[in-house]
Amino acid sequence: MTLPVFDLAAIERAATSQLVLDTVRAALIAHAEGRSSVPPPLHMAFPEADGDCHVKAGWITGAADFTVKIATGFYSNHGLGIPTNHGLVCVISAHTGQVRALLDDRGLLTAWRTAAAGALITHAMARPDARTLAVFGTGEQALLQATWLAELRTISTVLVHGRSPHKANALCEQLHARGLDARPAATQEAAAADMVITTTPATSPVLNATHVREGAHVTGIGTDMPHKNELPPALFHRAQLIATDDHAQCLDHGDFAHAVRAGATAQDSDIAAGHLLKAPADRPETAITVADLTGVGALDAALASAVLDQLLR
């Protein structure tokens, strides 16, 4: 029997943003409640090519499938005219161990689950009246974070901060095409937005903690390896509520880890993001809240299985 292989076009036709958001929300809650199996991720760095590779596996307890995923990010690819991100997902039966299908998604499912997780937790932790959003970074993930968060709440303005003015302007045009008011912004102005999402492969903080105003929420999604760092430890020191998608991962190679090692916060100061999605915490109007997301294999498993079910219908 030939192994089914589904390409990017088929996957895009099969999944809706609502399916992704619902699946990722349920998976984050299951993971927070201990209803998942997630081994430590495998990381490889390719500094000469400005690239990295992640291999993640995961299973939601009782689910029919588990997955093994390869995801790469080679950040100089734009100069070669090819995408930065690539990868595929192997969906395997949790009953027989047989490979059910390969999803040749070129990294799309990773991008979707990352965007969904960021949008969901930002919406859950930000003030109900928060309207201005700043994105640090100008790539695919910055676009997705803004557009998917806009499906969950009203956004009045998107402030875009990037190293390249040309790319920042291009992202603003893409956001305009999706009905969002967007404009480039300097670091200090962007950091002072109601909601801030960082989407970069930075190796040193992209914003100053003192520029984040009281009552703001910040989500970091780019620090997924030990050498990366987007959010300054001082921001965690100021935060009254800290969420992580996986405590052990974030303590090992997230922005939370940098803050703990710097003595800016305690290693038990975080709460699982899934708990906040199930029952949002009360937050004082002036509280600063922070979410550190490193990417969890259980989310990949749940999303790949849900998409495969749609593909096979």
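The values are calculated or read from the model by the stated rules, or taken from the named source; none is laboratory data. Just so you know, these numbers come straight off a predicted model, no measurement behind them. Cβ sites come from the backbone with ideal geometry, for glycine too, and all protein chains shown count toward neighbours.
Within the range 107-154, the set of residues being farther than 21 Å from ALA15 by Cα, free of Cβ contacts under 8 Å to residues at least 40 places away in the same chain and in contact with a Leu (Cβ under 8 Å, 6 or more places away or on another chain) comprises HIS123, THR138. If only residues of the range 81-106 that are more than 23 Å from the chain's Cα centre (by Cα) and free of Cβ contacts under 8 Å to residues at least 60 places away in the same chain are counted, the one that is surrounded by the most Cβ atoms within 10 Å (Cβ to Cβ) is ILE92. Of all the criteria given as (1) under 14 Å from ASP300 (Cβ atoms); (2) out of contact with any Ser or Thr (no Cβ under 8 Å at 6 or more places or on another chain); (3) free of Cβ contacts under 8 Å to residues at least 60 places away in the same chain, the one not satisfied by PRO39 is (3). For ALA177, the criteria (1) at pLDDT 95 or above; (2) surrounded by 19 or more Cβ atoms within 10 Å (Cβ to Cβ); (3) among the aliphatic types (A, V, I, L, M) hold in every case but one, which is (2). Scanning the range 21-52 for residues that are in contact with a strand residue (DSSP E or B) (Cβ under 8 Å, 6 or more places away or on another chain), charged (D, E, K, R) and modelled with pLDDT under 95 turns up ASP50, ASP52. With respect to the stated conditions, ALA32 is under 23 Å from PRO226 (Cα atoms), touching a residue at least 60 places away in the same chain (Cβ under 8 Å), buried (at least 20 other Cβ atoms within 10 Å of the Cβ) and not assigned by TED's automatic domain parsing to the domain that holds GLY222.
Of all residues in the range 185-242, those being over 21 Å from ILE155 (Cα atoms) and aliphatic (A, V, I, L, M) number 11.
Is at least one residue of the range 202-213 farther than 18 Å from PHE236 by Cα and surrounded by fewer than 20 Cβ atoms within 10 Å (Cβ to Cβ)? No, the range 202-213 contains no residue that is farther than 18 Å from PHE236 by Cα and surrounded by fewer than 20 Cβ atoms within 10 Å (Cβ to Cβ).
Looking only at residues in the range 1-60 that are of a type outside the set (A, V, I, L, M) and in contact with a Gly (Cβ under 6 Å, 6 or more places away or on another chain), the one that is nearest to LEU312 (Cα to Cα) is GLY58.
Quick grid of which residues meet (1) under 24 Å from THR294 (Cα atoms); (2) in contact with a strand residue (DSSP E or B) (Cβ under 8 Å, 6 or more places away or on another chain); (3) assigned by TED's automatic domain parsing to the domain that holds THR72; (4) assigned to a strand (DSSP E or B):
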site	(1), (2), (3), (4)
ASN169	no, yes, no, no
CYS172	no, yes, no, no
LEU175	no, yes, no, no
ARG183	no, yes, no, yes
GLU189	no, yes, no, no
VAL196	yes, yes, no, yes
THR223	yes, yes, no, no
PHE236	yes, yes, no, no
ALA243	yes, yes, no, yes
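Has the range 145-160 got at least one residue that is touching an Asp or Glu at 6+ places or on another chain (Cβ under 9 Å), buried (at least 19 other Cβ atoms within 10 Å of the Cβ), outside any strand (DSSP E or B) and assigned by TED's automatic domain parsing to the domain that holds LEU241? Scanning the range 145-160, I find at least one residue that is touching an Asp or Glu at 6+ places or on another chain (Cβ under 9 Å), buried (at least 19 other Cβ atoms within 10 Å of the Cβ), outside any strand (DSSP E or B) and assigned by TED's automatic domain parsing to the domain that holds LEU241, so the answer is yes. Looking only at the range 253-277, residues that are surrounded by 15 or more Cβ atoms within 10 Å (Cβ to Cβ) and either outside any loop (DSSP other than H, G, I, E, B) or in contact with an Asp or Glu (Cβ under 8 Å, 6 or more places away or on another chain) (or both) come to 16 in all.
Can THR110 be described as of a type in the set (S, T, N, Q), touching a strand residue (DSSP E or B) at 6+ places or on another chain (Cβ under 9 Å) and within 26 Å of THR147 (Cα to Cα)? Considered against the rule, which asks whether it is of a type in the set (S, T, N, Q), touching a strand residue (DSSP E or B) at 6+ places or on another chain (Cβ under 9 Å) and within 26 Å of THR147 (Cα to Cα), THR110 comes out as yes. Can you find a residue in the range 131-143 that is on the phi > 0 side of the Ramachandran plot and either crowded, with 17+ Cβ neighbours inside 10 Å or not in a loop (DSSP other than H, G, I, E, B) (or both)? Scanning the range 131-143 turns up at least one residue that is on the phi > 0 side of the Ramachandran plot and either crowded, with 17+ Cβ neighbours inside 10 Å or not in a loop (DSSP other than H, G, I, E, B) (or both).
Selection over the range 1-29 of residues that are hydrophobic (A, V, I, L, M, F, W, C) and more than 17 Å from the chain's Cα centre (by Cα) gives a count of 10.
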